[in-house]
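Novice: Quick one: the structure is below, questions incoming.
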Amino acid sequence: MPHIKKKHMQIVDSSESYEDAIALAAKPLLDDDYITEDYIDQMLESIEKFGTYIVLADEFALPHARPSEAVKKTGMSLLVVKNGVDLKNNDVKLFIVLAAKDSTTHTEVLQSLASFLMEKQNIKDVINAERVDDIETILEKRLK
Amino acid sequence: MKILAVCGFGVGSSMILKMTIQKALNELNVKGDVVNSDISDVKSQNADAIFTSPDFVNDLKKRVNTPLYPVKKYSDLEEVKGQVEKFLKDQD
């Protein structure tokens, strides 16, 4: 199952805005040619259009947009903002960017992510991790 | 019984919501189908209830007669379970 690669994970102390945080969270996917710049714009537009339901749990957001030509390869990236950033009145510390090339290939990944997110402690443990290696270990063990 | 989980695109968040609703149904020992959909496709789906973001409720109210149950955080099992229980109570 295509999990989040360690090189696609980042930890920072703070971020100026949720727009900056989402752009930073998506940068590894941009650099590795999973997505184009357009996809970042589309993710931000979808928040304007549809609201903040991408904040799926306390302190967690799943920025994404619909499958499009802006996605070349299905993938996910992760960003922890230690001090949190405001996403329209939600304090978000963990971002997982979802880039889906079509509406089926990522289903399995989302199902395991859904189970992972229902355990609030899992989100807390990722946020509290000191290094990306620790996040990788947590995800390897619990994201099944 | 069929529950529809709705988000803007029908690919990411609604899938997560679908899983949370299924887990809530399991914990309540209730059998039911959960299907996910995007906001524009809602009309073509027959369902007994629609679970979706509070931001979509007003729009959907104008378009469908299906009972709507708002959920703020799609992965929050307690919140979703509360709304599932409310739906089951409304069914009686």
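Novice: Out of (1) more than 23 Å from B:VAL71 (Cα to Cα); (2) touching a residue at least 40 places away in the same chain (Cβ under 8 Å); (3) open to solvent by less than 10 Å² (accessible area, probe 1.4 Å), what's the single condition that is false for A:SER17?
Specialist: For A:SER17, the exception is condition (3).
Novice: Under 6 Å between Cβ atoms, at least 6 apart or on separate chains: pull out the pairs that start in the range B:44-56 with a residue that is under 26 Å from A:ILE47 (Cβ atoms) and part of a loop (DSSP other than H, G, I, E, B) and end on any residue that is open to solvent by less than 10 Å² (accessible area, probe 1.4 Å) and polar (S, T, N, Q).
Specialist: From the range B:44-56, the pairs are B:GLN45/B:SER37.
Yes/no matrix, rows are residues, columns are (1) open to solvent by less than 60 Å² (accessible area, probe 1.4 Å); (2) charged (D, E, K, R); (3) not in a helix (DSSP H, G or I):
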| residue | (1), (2), (3) |
| --- | --- |
| B:ASN26 | no, no, no |
| B:LYS31 | no, yes, yes |
| B:SER37 | yes, no, yes |
| B:VAL42 | yes, no, no |
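Residues checked against (1) more than 10 Å from chain A (Cβ to nearest Cβ); (2) farther than 14 Å from B:PHE87 by Cβ:
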{"position": "B:MET1", "(1), (2)": "yes, no"}
{"position": "B:SER14", "(1), (2)": "no, yes"}
{"position": "B:MET19", "(1), (2)": "no, yes"}
{"position": "B:ASN26", "(1), (2)": "yes, yes"}
{"position": "B:VAL35", "(1), (2)": "yes, yes"}
{"position": "B:ASP41", "(1), (2)": "yes, yes"}
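Novice: For the range A:58-83, name all the residues that are within 10 Å of chain B (Cβ to nearest Cβ), open to solvent by 10 Å² or more (accessible area, probe 1.4 Å) and closer than 23 Å to A:MET118 by Cβ.
Specialist: A:ASP58
Novice: Go through (1) surrounded by fewer than 16 Cβ atoms within 10 Å (Cβ to Cβ); (2) in contact with a helix residue (DSSP H, G or I) (Cβ under 8 Å, 6 or more places away or on another chain); (3) at pLDDT below 95; (4) in a helix (DSSP H, G or I) one by one and return the number of the condition A:LYS144 breaks.
Specialist: Unmet condition: (4).
The values are calculated or read from the model by the stated rules, or taken from the named source; none is laboratory data. Predicted model only: the values in this text are computed from it and were never measured. Here Cβ is always computed from backbone atoms with ideal geometry, including for glycine, and neighbour counts include all displayed protein chains. Just the protein is used for accessible areas: all its heavy atoms, side chains included, with ligands, DNA and RNA removed. Shrake-Rupley method; radii C 1.70, N 1.55, O 1.52, S 1.80 Å.
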